[in-house]
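Engineer: This is the structure I want to talk about, given as structure tokens.
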Amino acid sequence: MRRQSVCSPFINKIQLLKLPAMKSIILVGGEGTRLRPLTYSVVKSMVPVVNKPFIEHALARLAQHNINEIVLAMGYKPDSIFEYFGQKTGMSIKLAYSLEEKPLGTAGAVKHASQHIDETLFVLNGDVFSDIDYTDMLNFHRQNKAQVTIALTHVDDPTKFGVVETDENGRVKRFTEKPKWEDVTSHWINAGVYILEPEVIDYIPENVFYMFEKGVFPNMLEKGEPVYAYTSDAYWIDMGTPEKYHQLNNDILCGKCKSPLHKAIPIISGPGTNIDTTAHMTGPVLIGAGCIIEENAELEGPVILGDGCHIKKGSRIANSVLWNNIVAGEKASITNSIIASGDNIENGTHIDGLTINHEAPAETGGK
């Protein structure tokens, strides 16, 4: 196992809630296959969400609740995470890295990363974004003297998720993974946020693939351990597909959910950006640093442009996310789309409803 500790300053100005300092593990080791073709360019945890890496939003949310010692449990292509966070300085968050040599599953990854953890611990699935109140969840956990507390969120279609059944006090009775419709007994699903007491680590075997959902939690129920569920109606999304990725960006931009790293202002432009006076923008629009918006270009929000984008004259961008260094040629039209790699969109090109990554393997068509 490779461990490295660093400190990061990027959350220095976030107001902390009155909660004793705590620890967390975030599971960021997956390949992100469902998110392809976006993840051909960058690992899932580093895809840009309103122009910040996805994982940085999770860290900021934890820091708000004074959960400031965080282990990133990594596996697939960890270098970009090291490069981004390893260069930070400051004292707001202490990061440690745990590197898996082989996939270990949700529980196995925590076991691998937990040698020095001997206190109550938050565990977050690196796929989800939520506004769940961690402070209130911790109070619920302690009031019930739980060994495990699982955050639950309500969905219309629970057949794609792990359903959790509880009694009237919130104590978990049963887990059902991806039930058929005829077997659905609840629409409350596992939200991928857990609070664990250190004794729970003993239920996880060493250095093998092992899951909380199918192994640890059912075994604890069989032994009568106090496993509780914290229900939340806060915003929640599984950023597992390009469609959900696009929705998350739009939801933050439009103020449907909050991130400490973004203010919901109609028009935001970064330093060094040059916007022609004849360009027309309808918010919400987020423009990164060093962009050029030429004459008569149109940006119809929600629109996100990464750093270094060049929108040439007469082009139209609507309901789209463009990553860094995209060039939209003259009179090009990009609508309802994600453009994920720095490339030229030729003059007069019309793109609608596509996810394009020219770094994807040729056999995928790059989109």
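What follows draws every value from the coordinates through simple rules; no lab data is involved. Note that the coordinates shown come from a computational prediction; the quantities given were computed from them, not determined experimentally. Note that each Cβ is placed from the backbone with ideal geometry, even for glycine, and that neighbours are counted across all protein chains shown.
Engineer: Give me Rg/Rg_expected for the chain, where Rg uses Cα atoms only and Rg_expected = 2.2 N^0.38 Å with N residues. Provide the component values of the computation, followed by the final result.
Structural biologist: Values: Rg = 21.6 Å, N = 367, 2.2 N^0.38 = 20.7 Å.
For the chain, the normalised Cα radius of gyration is 1.04.
Engineer: Is there a quick way to get the dipole size of the chain? I mean about its Cα centre, with the Cβ of Lys and Arg at +1 and of Asp and Glu at -1; what is the value in debye to the nearest 20?
Structural biologist: Numbers: 34 positive and 44 negative charges, 119 e Å.
Dipole size: approximately 580 debye.
Engineer: Treating the angle as unsigned and between 0 and 90°, give the value, to the nearest 10°, between the Cα long axis of helix 54-64 and the longest Cα principal axis of the chain.
Structural biologist: Compared with the principal axis, the helix lies near 60 degrees.
Engineer: Can you tell me what percent of all Cα-Cα pairs in region 160-218 are more than 15 Å apart?
Structural biologist: That tail contains 56 percent of the Cα-Cα pairs.
Engineer: A further question follows. In which sequence would 221, 152 go, from the one with the fewest C-beta neighbours within 10 Å to the one with the most?
Structural biologist: Numbers: 221 17, 152 26.
Placing the least packed residue first, the sequence is 221, 152.
Engineer: Using a cut-off of 14 Å between beta-carbons, work out the net charge of the residues near residue 160 (Lys and Arg +1, Asp and Glu -1, residue 160 not included).
Structural biologist: Numbers: positive: 34, 178, 180, 244; negative: 127, 156, 157, 177, 183, 213, 238, 243.
Result for the local shell: -4.
Engineer: Just to confirm the number: angle between the C-alpha axis of helix 134-143 and the first principal axis of the chain, 0 to 90 degrees, nearest 10?
Structural biologist: The helix 134-143 is inclined about 10 degrees to the chain.
Engineer: What list do you get for 204, 150, 265 if you sort them by fewest beta carbons within 10 Å? Write out the running numbers ahead of the final one.
Structural biologist: Values: 204 24, 150 31, 265 12.
With the fewest neighbours first, 204, 150, 265 line up as 265, 204, 150.
Engineer: For the chain, take the longest principal axis of its alpha carbons; what is the angle in degrees between that and the long axis of helix 242-253, to the nearest 10 within 0 to 90?
Structural biologist: Compared with the principal axis, the helix lies near 80 degrees.
Engineer: When the convex hull of the C-alpha atoms of region 59-151 is computed, what volume per residue in Å³ does it have?
Structural biologist: On the way: hull volume 10.9 nm³, N = 93.
Convex hull of Cα atoms, per residue: 117 Å³.
Engineer: Report the one residue of 321, 239, 272 whose Cα lies farthest in the direction of the positive end of the charge dipole of the chain (charges on C-beta: Lys and Arg +1, Asp and Glu -1; origin at the Cα centre).
Structural biologist: Checking the options against the dipole of the chain, the answer is 272.
Engineer: What does the highest-first list of 69-77, 270-278, 95-103, 41-49 look like by mean Cβ count within 10 Å? Mind dumping the intermediate values first?
Structural biologist: Numbers: 69-77: 21.7, 270-278: 12.6, 95-103: 17.4, 41-49: 23.2.
For the peptides 69-77, 270-278, 95-103, 41-49, the packing ranking is 41-49, 69-77, 95-103, 270-278.
Engineer: When all alpha-carbon pairs of region 236-322 are counted, what percent fall beyond 21 Å? Could you put the intermediate results ahead of the total?
Structural biologist: Details: 1008 of 3741 pairs.
The proportion of pairs with Cα distances above 21 Å equals 27 percent.
Engineer: Tell me the volume per residue, in Å³, of the convex hull enclosing the alpha carbons of region 267-364. Write down the numbers at each step before the final one.
Structural biologist: Working: hull volume 6.8 nm³, N = 98.
For region 267-364, the hull spanned by Cα atoms encloses 70 Å³ per residue.
Engineer: By the scheme Lys and Arg +1, Asp and Glu -1, what is the net charge of all other residues having a beta-carbon under 11 Å from that of residue 347? Please report the intermediate quantities before stating the final value.
Structural biologist: Numbers: positive: 312, 313, 331; negative: 330, 346.
After counting each charged neighbour, the total is +1.
Engineer: Place +1 on the Cβ of every Lys and Arg and -1 on the Cβ of every Asp and Glu in the chain, take the dipole about the Cα centre, and give the residue among 92, 341, 81 whose Cα lies farthest towards its positive end.
Structural biologist: Looking along the dipole axis, the top candidate is 92.
Engineer: List 156, 133 from most exposed to least, where exposure is judged by having the fewest other Cβ atoms within 10 Å.
Structural biologist: On the way: 156 5, 133 17.
Fewest-to-most ranking of 156, 133: 156, 133.
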